[in-house]
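Asks: First, the structure itself, so that you have it in front of you.
The values are calculated or read from the model by the stated rules, or taken from the named source; none is laboratory data. Nothing here was measured: the structure is a model prediction, and the numbers come from that model. Here the Cβ positions follow ideal geometry from the backbone for every residue, glycine too, while neighbour counts run over all protein chains shown.
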Amino acid sequence: MDRNINCVQVYSNEPKVVVIGGGTGSSILLSGLKKYTPNITAIITVADDGGSSGVLREDLGMLAPGDIRACLLALANTEPTMEKLLQYRFDNGILKNQSFGNLFLAAMVGIHGSFEKAIQEASNVLAITGKVYPMTLDDVHLYARLDNGMIVKGESQIPKEVLKSKSKIDRIYINPQKSNPLKEAVSAIKDADLIVLGPGSLYTSVIPNLLVNNIVEKIFEATAPKVYISNIMTQPGETDGFSVFDHVEAILKHSREDLLDYVIANIGEIPQDRLSDYITDGSRPVKFDDYDREKLAELNIKLIEDNLIEVKNNYIRHDNDYLSQLLMRIAKNNINNSHNYIV
């Protein structure tokens, strides 16, 4: 099989989907989407400053590789041994807790001289379906202003300070504020048949991408439907007590009120044996009721509600296959209405 990504994208009639986010949520979604279209562009946050990514960022002065690595692996078409190798974490010595995949990307940066080129070459090595781009090549840091007026620096510190101070996030921003998106990412947004935000950490994975210079206007100007996939569970220190509409409201507050066309929300019941573990860790199901429905309707946002739950390895996740089918339906309906889709 010819795995030349550019050729696949040129000759395939399947929808062109742009996924904007980061972390586990995006990687899970991408692993499902690649079954339905090769025309995927993932635009991923690089504001992470914690864990093994943070160590490499501080030591080597490179952009945070962790979320990029996870999305590359989700889109990879390679041998299981290679996937296990790139997911491997060292359990002792000076490399304890460090991911081999992160080290692989760091080595690629050293060989090729830039983070952008490193991702391109890693994409070729892994024969990925689609493209993965960082949200920016600028060395950005994430800040949060809390309701109590406190300013918190660092993606990894924000949830800790929220829990410690018991004050919610009012707004987040990045520094430098005039960081720029990649032109390839902007082109993908312009040409997309569907633009997807989430699922993922609201304030540290999804919204940071919207803070890059002019990116909100580029998304708004695109003809593709804009879809937000709400999280199933709240995240301690970020979205405690949040409903579906609270998530949407935070996105619109950091972008513009008319950005979204669709919201996808879960109405499936979470198994009690799994739920108790999450509650112990401070996470609860995202609230969703008639109030959320009414507020979304007021904003002319179409709502898709369904059972989206999959329990895998004892973790509550979105059912990426079913979710991908829902997204493909939206994309193809949009293409059909534009009389551009070739069956």
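Asks: Starting from the range 28-47, keep only residues that are without any contact (Cβ under 8 Å) to a residue 40 or more places away in the chain, then list their pairs with residues that are of a type outside the set (Asp, Glu) and not in a loop (DSSP other than H, G, I, E, B) whose Cβ atoms are within a distance under 9 Å, requiring at least 6 positions of separation or different chains.
Replies: That search, which allows pairs on different chains as well, returns nothing.
Asks: Next question, about the same structure. Any residue at all in the range 79-94 that's surrounded by fewer than 13 Cβ atoms within 10 Å (Cβ to Cβ) and closer than 24 Å to Asn39 by Cα?
Replies: yes
Asks: For the list (1) touching a Phe, Trp or Tyr at 6+ places or on another chain (Cβ under 6 Å); (2) surrounded by fewer than 16 Cβ atoms within 10 Å (Cβ to Cβ), I need the number of the one condition that Leu260 fails.
Replies: (2)
Asks: Can you tell me which condition Ser187 does not meet? The list is (1) over 18 Å from Pro15 (Cβ atoms); (2) without any contact (Cβ under 8 Å) to a residue 12 or more places away in the chain, and all the others hold.
Replies: Among (1) over 18 Å from Pro15 (Cβ atoms); (2) without any contact (Cβ under 8 Å) to a residue 12 or more places away in the chain, Ser187 violates only (1).
Asks: Every residue in the range 39-55 that is surrounded by fewer than 22 Cβ atoms within 10 Å (Cβ to Cβ) and of a type outside the set (Asp, Glu), please.
Replies: Scanning the range 39-55 gives Gly50, Gly51, Gly54, Val55.
Asks: Next up: Given (1) out of contact with any His (no Cβ under 8 Å at 6 or more places or on another chain); (2) among the β-branched types (Val, Ile, Thr); (3) in a strand (DSSP E or B), where does Val212 come up short, assuming only one miss?
Replies: Of everything listed in (1) out of contact with any His (no Cβ under 8 Å at 6 or more places or on another chain); (2) among the β-branched types (Val, Ile, Thr); (3) in a strand (DSSP E or B), Val212 misses just condition (3).
Asks: Which members of the range 52-80 meet the condition of being of a type in the set (Ser, Thr, Tyr) and in a helix (DSSP H, G or I)?
Replies: Once the filter is applied, which keeps residues that are of a type in the set (Ser, Thr, Tyr) and in a helix (DSSP H, G or I), the range 52-80 yields Ser52, Ser53.
Asks: Only one residue in Thr234, Thr239 is touching a Lys or Arg at 6+ places or on another chain (Cβ under 7 Å) and either within 19 Å of Met135 (Cβ to Cβ) or touching a residue at least 24 places away in the same chain (Cβ under 8 Å) (or both). Which one?
Replies: When all the criteria are applied, what remains is Thr234.
Asks: For the range 73-102, enumerate the residues that are touching a residue at least 12 places away in the same chain (Cβ under 8 Å) and within 15 Å of Gly51 (Cα to Cα).
Replies: Matches in the range 73-102: Gln87, Tyr88, Arg89, Asn97, Gln98, Ser99, Phe100, Gly101, Asn102.
Asks: Right, another one. Looking for whichever is modelled with pLDDT of 90 or more, in a loop (DSSP other than H, G, I, E, B) and over 27 Å from Pro15 (Cα atoms) here; the options are Asp48, Asp91. Which one fits?
Replies: Asp91
Asks: Within the range 136-186, how many residues turn out to be crowded, with 16+ Cβ neighbours inside 10 Å and assigned to a helix (DSSP H, G or I)?
Replies: Counting residues in the range 136-186 that are crowded, with 16+ Cβ neighbours inside 10 Å and assigned to a helix (DSSP H, G or I) gives 6.
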